[in-house]
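Undergrad: Below is a structure I'd like to ask you about.
The values are calculated or read from the model by the stated rules, or taken from the named source; none is laboratory data. All values reported here derive from a predicted model rather than from experimental measurement. Heads up, the Cβs are rebuilt from the backbone with ideal geometry, glycines too, and the neighbour counts pull from every protein chain shown. Ligands, DNA and RNA are stripped out before the accessible areas are found, and what is left, the full protein with its side chains, is counted by its heavy atoms. Shrake-Rupley method; radii C 1.70, N 1.55, O 1.52, S 1.80 Å.
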Amino acid sequence: MSLPKHYDPAAVEPRLYERWERNGYFHEEPDPARPPFIICMPPPNVTARAHLGHASTFTPMDVLTRYHRMLGENADWLPGADHAAIATEAVLVRQLAREGVRRDDLGRERFVERAWEWSRTYGGAIDEQFRRLGFGPDWQRSRFTMDAGLSTAVRRVFVGLYREGLVYRGKRLVNWDPTAQSTVSDAELDHVERDGTLWRIKYPFERGGGDGIEIATTRPETMLADVAIAVHPADPRYAAFVGRRVFVPPLLERAIPIVADGAVDPEFGTGAVKVTPAHDPVDYEIGTRHALAMPSVIGLDARITGADVDVGRYAGLDRYDARARIVEDLRELGLLLSADPHRHSVATSERTGDVVEPLLSLQWFVKAAPLAAPALEAYRSGRIRILPERYGRTYEQWLENIRDWNVSRQIWWGHQLPVWYTPDGKEVVAESEAEAREIATRTHGTTELTRDPDTLDTWFSSGLWPFSILGWPEQTAELRCWYPSQVMITAGEIIFLWVARMVMLGLHFMKEIPFRDVVITPLVFDAAGRKMSKSLGNVIDPIDLTAKYGADAFRLSILRQMRLESQEMRYQESRCEEARNFNNKVWNATRYLLALPEGLPLPMTLPAHADLTLADRWILTRYRETIARVGELLGAYDFGNAAETIWRFIWYEFCDWYLEATKADANRATRAAVLSYVWNGAMRLLHPFAPFISEEVWLRLPHDGETIVTANWPDPLEVPSFERAAQEFAGVVGAVERIRNLRAEIGLHPRAPLTLDVPENVPKEAAELIALLTAGSVETAPNAGESIEEALAAIAARAPREVLVERYRKEAEHLRSEIERGEKKLGNEAFVAKAAPHVVAKEREKLEGYREELARVQAAQRERKEPA
């Protein structure tokens with residue numbers, strides 16, 4: 001069966017993927033008779049488009065699933081999508097605005113219908129992009145976090161936690177997005193470096209004994225809610241001030257205490273900080289420790305409000321207008337000491353871009369500490385392993401210092417809280433409205449209920465992902481066979497926002513960890529080490545690269561650069577070009593095999609060991625070692641070195657060495673069987689990394705089975721090993737490389753005649769192979785060394801006399817020219833007088849080097865009795 005001259009991924013990849021999916025090769029049913037290997041896909045947002053981060057995280061998942069399926073395990077990669085509450089709502093609000101419609105005008109019911117319609121229409125875009133990248137999850141099992149089954153699980157968990165006293169409603173500090181008019185999670189914040197101002201302000205003492213204390217702040221507008229000044233307990237500058245009181249400028253109508261707290265950084269600003277618990281997370285903790293009041297002065301609309309404390313003439317001003325007016329008033333009062341440029345990190349909402357306000361708000365929270373303790377123990381006992389190991393400390397630190405989790409959001413798209421209120425404000429939490437009415441009737445004597453309009457944080461539903469997608473709370477076969485999964489592969493920035501929460505909720509509701517291993521994939525930067533952004537113009541679209549080079553080439557470009565320990569991948573498109581060349585190498589090697597006049601047999605049996613050539617025995621040994629090594633590396637999640645190992649075996653060892661060796665007379669009788677056996681296995685080794693070309697080649701080779709997707713992974717124990725022959729062939733390789741280097745050094749054409757002085761104790765087969773691979777003619781030389789390796793190392797090569805004569809003539813001519821130039825330059829008195837001493841010394845050093853080199857060339861010429 002002949003192959004087209006060139007490999008065309010654009011023609012091959014869509015055809016093969018459609019066949020794979022149509023025949024259900026990615027689909028599995030629970031099978032307790034086989035070991036499970038389950039990966040839950042981190043659900044991408046329904047609004048998302050594939051980017052390099054998806055590629056670096058999801059490609060390893062595909063590699064592992066394909067590998068474990070070929071091992072015969074009950075392997076399934078479970079996909080899905082997240083409803084992305086805030087992102088989807090923002091998209092729809094903008095879409096409605098273009099139509100001249102406000103969200104509130106549309107109403108909640110119609111808005112949610114619109115969100116469902118949008119999700120069904122556009123939400124599958126990233127799935128199609130994943131197909132183009134060759135990802136093979138079990139699409140038949142794809143889930144959506146708003147599915148009926150997953151929604152049931154969300155309600156069951158919320159109600160269960162509430163009834164255990166682990167969910168409550170309270171007024172606490174949250175991240176507030178004034179544009180979205182909702183709380184946002186820490187994961188939905190971008191910390192942006194911005195130029196700002198650091199104002200130094202004097203707070204006058206309430207009584208005499210000094211004129212006041214200086215503080216530094218970047219947010220003067222929050223001064224109106226100050227309840228204390230804090231200093232570090234060990235700061236000698238302020239030891240005498242602790243316990244005194246100062247007036248809050250600029251109104252100067254309220255006095256607040258000076259307190260000592262270890263959270264203060266003595267090196268920041270003046271070492272004294274204003275404490276505004278209602279508008280800063282650190283201040284909130286200080287306020288809690290010192291039982292301070294917590295008045296708010298910024299409202300949900302980001303305007304100054306006097307609801308909790310007198311704000312005087314600043315009431316109703318936008319926060320930034322209030323900042324400007326307060327600064328001006330401080331200047332007039334003589335309390336503004338300085339205003340210095342200050343670059344600092346500002347928290348913004350990644351959905352709207354607005355600066356987030358920490359605000360005290362009445363919200364729903366999960367009491368996190370009781371859930372965190374078992375999750376912490378699971379890691380410390382080794383039941384959960386995190387790679388690289390340093391991320392385990394990140395996991396520990398977050399769980400050790402965990403705060404209660406704000407789970408309510410002020411948006412309409414998402415899981416509406418299963419909470420109702422009676423007319424007098426009593427809360428009723430139930431899985432359905434009917435159950436809520438029954439509870440309200442029994443406990444509060446009323447059926448009149450109003451449902452809480454808030455929805456749950458998206459991370460709440462995704463925290464249930466490992467068991468909710470398997471059918472929980474129903475006791476399904478999938479849940480029995482496939483929970484827990486074997487590995488979770490994800491990004492480092494959500495190790496606590498998602499990974500830790502999955503562990504917490506999985507342990508609580510399933511009484512078992514959700515996965516054994518957590519693998520953190522590297523961040524992807526551009527070739528210069530910069531984060532990718534539209535403003536820098538360095539964003540790389542994986543779909544564009546796939547269209548240009550093919551999915552296999554793109555996947556290999558990602559995998560070969562992946563090193564978990566470094567946690568930084570500097571992506572270079574040139575790696576795609578290398579991988580495209582690799583695929584062409586595979587294609588051309590296959591064309592050679594299929595063109596063999598004797599044809600290829602089925603790769604079932606090998607010739608008798610005694611009939612195998614030196615090259616046969618070497619490639620079989622390397623094949624066996626490669627199988628074992630790739631399996632070992634995949635077991636350690638070392639995707640980069642696994643890809644590099646199979647790449648080197650195919651390109652360097654099989655194509656560059658073994659294929660050439662099969663052209664020798666000694667190989668003609670055995671080559672077809674060995675080529676078929678090894679190349680079939682090599683394609684199976686390659687398949688998890690480059691699924692398309694491996695399948696296209698495998699289908700053209702003699703084979704059993706209908707697809708490489710379900711073919712068996714090669715077993716190294718079934719492949720014979722010949723260590724002695726492998727060592728001998730390594731000596732052949734070394735000799736050939738030395739001879740090729742000599743050709744390059746003297747400028748001799750690769751096929752030009754060359755004489756090989758081969759010691760008599762070099763085996764005939766090895767000598768003939770070296771001659772074939774170097775286009776050299778063998779002349780017997782005396783024995784060298786006591787071993788074959790020593791004899792091979794002693795092989796020397798001689799170029800034709802006329803070639804060396806011409807080479808030495810040209811080299812001598814060039815050296816004389818350089819010597820003449822140097823002597824002329826150094827003989828110029830003006831140059832020697834004016835040039836820097838080190839420049840003159842360098843010229844003299846170069847001249848001496850040219851003279852020594854000329855002497856060496858002339859000696860070589862004399863050896864050949866040629867005139868200089």
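Undergrad: Dipole size in debye (nearest 20) for the stretch 358-445 around its Cα centre, Lys and Arg Cβ +1, Asp and Glu Cβ -1?
TA: Dipole magnitude for the stretch 358-445 comes out near 380 debye.
Undergrad: For the pair Ala793 and Arg102, how long in nm is the line joining their label points, each one 7 Å along Cα→Cβ?
TA: Each label point is offset 7 Å from its Cα along the Cβ direction, giving 8.6 nm.
Undergrad: For the pair Arg403/Ser777, report the inter-label distance in nm, with labels modelled 7 Å from Cα in the Cβ direction.
TA: Each label point is offset 7 Å from its Cα along the Cβ direction, giving 8.5 nm.
Undergrad: So, one more: Once phi is turned into ³J(HN,Hα) by the Karplus curve 6.51 cos²θ - 1.76 cosθ + 1.60 with θ = phi - 60°, what whole-Hz value does each residue of the stretch 617-634 show in order, with x for glycine and proline?
TA: So the Karplus estimates, Gly and Pro as x, are 5, 5, 5, 5, 5, 5, 4, 4, 5, 5, 4, 5, 5, 4, x, 4, 5, 5 Hz.
Undergrad: Now for a separate question. In the stretch 624-650, whose amide N lies under 15 Å from the spot 7 Å out along Cα-to-Cβ of Ala730? List them in ranges.
TA: 624-626
Undergrad: Ala855 to Leu71: extension gain in nm, 0.36 nm per residue of separation minus the Cα-Cα distance?
TA: Difference between extended and current length: 275.8 nm.
Undergrad: Next question, about the same structure. Using a ≥ b ≥ c from the Cα gyration tensor of the stretch 311-469 (square roots of the eigenvalues), is it rounded, prolate or oblate, where a/c under 1.5 gives rounded and otherwise the larger of a/b and b/c decides, a/b for prolate?
TA: oblate
Undergrad: Distance in nm between label sites at Ala324 and Glu632, each 7 Å beyond Cα in the beta-carbon direction?
TA: Output for this residue pair reads 6.8 nm.
Undergrad: Using alpha-carbon positions, what is the distance between the centroids of the stretch 838-861 and the stretch 289-332, in Å?
TA: 80 Å
Undergrad: Could you give the accessible area per residue of the stretch 375-464, probe 1.4 Å, as a whole number in Å²?
TA: Averaged over the residues of the stretch 375-464, the accessible area is 44 Å².
Undergrad: Okay, next question. Name the residue from Leu92, Tyr623, Gly210 whose Cα lies farthest towards the positive end of the charge dipole of the chain, charges +1 on Cβ of Lys and Arg and -1 on Cβ of Asp and Glu.
TA: Going by the Cα projections, it comes out as Gly210.
Undergrad: Here's a follow-up. Could you tell me which of rounded, prolate or oblate describes the stretch 324-369, using a ≥ b ≥ c as the square roots of the eigenvalues of the alpha-carbon gyration tensor, with rounded for a/c under 1.5 and, failing that, prolate when a/b is larger than b/c and oblate otherwise?
TA: Prolate.
Undergrad: Here's a follow-up. With the dipole of the chain worked out from charges on the C-beta (+1 for Lys and Arg, -1 for Asp and Glu) around the Cα centre, which of Ile256, Ile650, Trp412 lies farthest toward the positive end?
TA: Ile650
Undergrad: Something else now. To the nearest 0.05, how large is the calculated FRET efficiency for Lys834 and Arg530 if R₀ is 51 Å and r is the Cβ-Cβ distance?
TA: 0.70
Undergrad: If you don't mind, another one. Calculate for the chain the 222 nm mean residue ellipticity that helices alone would give, adding -39,500 (n - 2.57) per DSSP H run of length 4 or more and normalising by residue count, nearest 500 deg cm²/dmol.
TA: After summing the helix terms and dividing by residue count, I get -13500 deg cm²/dmol.
Undergrad: Return one whole number: the accessible area per residue of the stretch 590-686 in Å², for a 1.4 Å probe.
TA: Per-residue value: 35 Å².
Undergrad: Right, another one. Greater than 27 Å separation of Cα atoms is the criterion. Which listed pairs, Lys171/Lys531; Lys810/Lys834; Lys171/Lys274, meet it?
TA: Lys171/Lys531; Lys810/Lys834
Undergrad: With a/c under 1.5 counting as rounded, go ahead and sort the stretch 352-397 into rounded, prolate or oblate using the C-alpha gyration tensor (a ≥ b ≥ c being the square roots of the eigenvalues; past the cut-off, prolate if a/b is larger than b/c, else oblate).
TA: oblate
Undergrad: Which of Ser485, Pro466, Thr446 sits closest to the plus end of the dipole of the stretch 354-504, meaning its Cα is farthest towards the positive end, when Lys and Arg get +1 and Asp and Glu get -1 on the C-beta?
TA: Ser485
Undergrad: Please work out the Cα center distance from the stretch 1-34 to the stretch 120-151, rounded to the nearest Å.
TA: If you average the Cα positions of each part, the centres end up 19 Å apart.
Undergrad: If the reach is capped at under 16 angstrom between alpha carbons, list the lysines near Lys5, excluding any in the same chain fewer than eight residues apart.
TA: List returned: Lys585.
Undergrad: I would also like to ask the following. Solvent-accessible area per residue for the stretch 1-100 at a 1.4 Å probe radius, Å²?
TA: 37 Å²
Undergrad: Give me the net charge for the shell around Ala324: Cβ to Cβ below 15 angstrom, other residues only, Lys and Arg +1, Asp and Glu -1.
TA: +1
Undergrad: Which residues in the stretch 184-201 have a backbone N closer than 16 Å to a point placed 7 Å from the Cα of Arg331 along the Cα-to-Cβ line?
TA: The answer is 197-201.
Undergrad: Report, as a whole number in µm² per second, the diffusion coefficient that Stokes-Einstein gives for the chain at 20 °C and 1.002 mPa s using the Kirkwood radius over alpha carbon pairs.
TA: 65 µm²/s
Undergrad: Leaving out ligands, DNA and RNA, what percent of the accessible area of the chain is carbon and sulfur, probe 1.4 Å?
TA: Result for the chain: 50 percent of the exposed heavy-atom area is carbon or sulfur.
Undergrad: Want the number for Ala669 to Leu596: 0.36 nm per residue separation, take away the alpha-carbon distance, what's left?
TA: Between Ala669 and Leu596, full extension yields an extra 25.1 nm.
Undergrad: Taking 51 Å as R0, compute the FRET efficiency from the Cβ-Cβ separation of Glu474 and His6 and round it to 0.05.
TA: So the FRET efficiency works out to roughly 0.45.
Undergrad: Among DSSP bridges having both ends in the chain, what percentage is antiparallel? Round to the nearest 5.
TA: 65 percent
Undergrad: Let me ask something else. Have a look at the DSSP beta bridges in the stretch 725-868 and tell me what percent are antiparallel, nearest 5.
TA: 40 percent
Undergrad: Let me ask another. Rounding to the nearest 20 debye, state how big the charge dipole of the stretch 603-752 is about its Cα centre with +1 on each Lys and Arg Cβ and -1 on each Asp and Glu Cβ.
TA: 520 debye
Undergrad: Please give every one of the aspartates and glutamates within straight-line cross-link reach of Lys825, meaning a C-alpha to C-alpha distance under 12 Å, and leave out same-chain neighbours fewer than 8 residues apart.
TA: List returned: Glu843.
Undergrad: Let me ask something additional. What is the sum of charges, Lys and Arg at +1 and Asp and Glu at -1, for the other residues whose Cβ falls under 14 Å from the Cβ of Leu52?
TA: +2
Undergrad: Oh, and also: Tell me the angle of helix 801-826 to the major Cα principal axis of the chain, expressed in degrees between 0 and 90 and rounded to the nearest ten.
TA: So the helix axis and the longest Cα principal axis differ by about 60 degrees.
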